[in-house]
Every structure is written in structure tokens, then in C-alpha cells.
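Working notes, structure below.
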Amino acid sequence: EGEEEGEEEEEFKLLSAAWELLGSEEKRRQYDSLDYFNDALPTAFRPRADDPGRFFRVFGPVFARQAKFSVARPVPSVGDDETPLEEVQRFYAFWTRFRSWRDFSLLAEYDTAEAEDREERRWMQRQNKNEVERLKRSEMRRLMSAVELAQENDPRLHRAKEERAAERELQRRRKEEALAAEKRAKAEAAEQARAAEAAAAAAAA
């Protein structure tokens, strides 16, 4: 009988904790920040010319998973190879300024309920706050590194860069051709002027 009572008490504690979790947005966020979440982020990427879609298969799911933590809504997706450049640029502008609600409080070292007095509780709270902030900064650095990695390897940005370089080269060649044509025209005009003067001098003689 005592064993059954112990099991019932444990079950009651679990149910109470579950209700407390469901009833508190702060606790739900703390739980959602860590619960069964694949927070793997790529730290390297090697493009393959024979597989241009690999970039989107690697980075698409990464940003889709991280989007759940965004304070701002809606959250832009990676898109695909046909996404307009303006949208691609907005995507990176959003993620380089990303604000996350992710909360690492459940990883704090000290349980303030175990404090023996107010002074110890405040000390625990300070230590926990520092640790949670450190974890948040570390996670944001990790995420920003992934954003930079994606930006450096995005085939759409590479293509746009190549197109801009090609356009600049075309403008440079056109300018050189225009200057060469102007120079030829001036030389021809000068030659014609000299020929006219020579003809006039010959006629006068």
C-alpha cells in the first residue's frame, strides 16, 4: 500500500509540474528552448558545381528550425535558386539582425529554492543570470557564424556578384571604346584641317 501511495504522489507531482508548465508562458519558452530540438548548425560548407541545390538542402532546414525562436514575425525562408535578389537580400538583412526569445534558464546551475537565506538566494540568482546570458551570447555567436557561412556560399549572391562584375567590365570596355573613337575622330579632324590648309596654301601660290 505504501508503494502505491508513493507512486500516486510521484504522479501527482508530475501532473502538477505539467500544469505549471502549461500555465506559464515563461516556463513554456524555457522548455521549448531545449526540448528535443535539433540545433545543429553548419560550421563549414563546400559548394559543388555538379549539385547547385545542395546549398538549399543544407541551409534551408537550418533556418527553418531557428525561425521558431524569432521575436519578429514573419520570418523569411532561404527560398530557392529562383528567389529574386531583393528577397535574398532582405533574408540576410533579417537574419543578421536576428532577435531570439530562446531562454537557457533551465541550464542554470543553481536551484534558488535550495537557498538557505535571502543573501544566498540573491547570489544564486546573479550566478544563474550571468550563466544564462553567457549561454545566450554563445548561441547568438554560433548562429551569426552560420548566417555568415550561408551568405558567403549563397549561389544567388555569387551570381549577382558575377553579373555586377560583368556589367562593370562591359561599362569599362564601352568607355574605353568611346574614348578611342573620340581620339580617332579628333586625329582625323586635325588631319583634315592640315590637308585643307595645305590645299589653301598651294592654291594661293
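The values are calculated or read from the model by the stated rules, or taken from the named source; none is laboratory data. All values derive from a computational prediction rather than experimental measurement. When we count neighbours, we look across all protein chains shown, and the Cβ atoms used for this are built from the backbone with ideal geometry, even at glycine. Heads up: the accessible areas ignore ligands, DNA and RNA and are worked out on the full protein's heavy atoms, side chains in. Shrake-Rupley method; radii C 1.70, N 1.55, O 1.52, S 1.80 Å.
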Q) Which condition breaks for K68 when tested against (1) among the basic types (K, R); (2) modelled with pLDDT under 95; (3) surrounded by 12 or more Cβ atoms within 10 Å (Cβ to Cβ); (4) farther than 24 Å from L106 by Cα? A) (4)
Q) Checking F91 against (1) in a helix (DSSP H, G or I); (2) in contact with a helix residue (DSSP H, G or I) (Cβ under 6 Å, 6 or more places away or on another chain); (3) closer than 30 Å to K161 by Cβ, which single condition isn't satisfied? A) (2)
Q: Residue by residue through the stretch 51-65, note down the ones that are farther than 13 Å from P155 by Cβ and surrounded by fewer than 14 Cβ atoms within 10 Å (Cβ to Cβ).
A: P61, A64
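When only residues in the stretch 107-158 that are touching an Asp or Glu at 6+ places or on another chain (Cβ under 7 Å) and not in a helix (DSSP H, G or I) count, which is surrounded by the fewest Cβ atoms within 10 Å (Cβ to Cβ)? Quick ask: steps written out before the conclusion?
Just the residues of the stretch 107-158 that are touching an Asp or Glu at 6+ places or on another chain (Cβ under 7 Å), to begin with: 108-109, 127-128, 131, 155-156.
When the remaining residues are screened for being not in a helix (DSSP H, G or I), the result is 108-109.
Values: A108: 18, E109: 10.
Only one residue tops the list, namely E109.
Report, by residue number, each residue of the stretch 22-47 that is aliphatic (A, V, I, L, M), at pLDDT 75 or above and either open to solvent by 80 Å² or more (accessible area, probe 1.4 Å) or in a loop (DSSP other than H, G, I, E, B) (or both). Explain how you work it out, then say what you get.
Taking the stretch 22-47 and keeping what is aliphatic (A, V, I, L, M), we get 22, 34, 40-41, 44.
Filter again for at pLDDT 75 or above, leaving 34, 40-41, 44.
Matches in the stretch 22-47: A40, L41, A44.
Does P84 satisfy the condition of being open to solvent by less than 80 Å² (accessible area, probe 1.4 Å), modelled with pLDDT of 95 or more and not hydrophobic (A, V, I, L, M, F, W, C)?
Yes, satisfied.
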(Q) Kindly evaluate R102 against the criterion of being within 18 Å of A40 (Cα to Cα) and touching a helix residue (DSSP H, G or I) at 6+ places or on another chain (Cβ under 6 Å). (A) yes
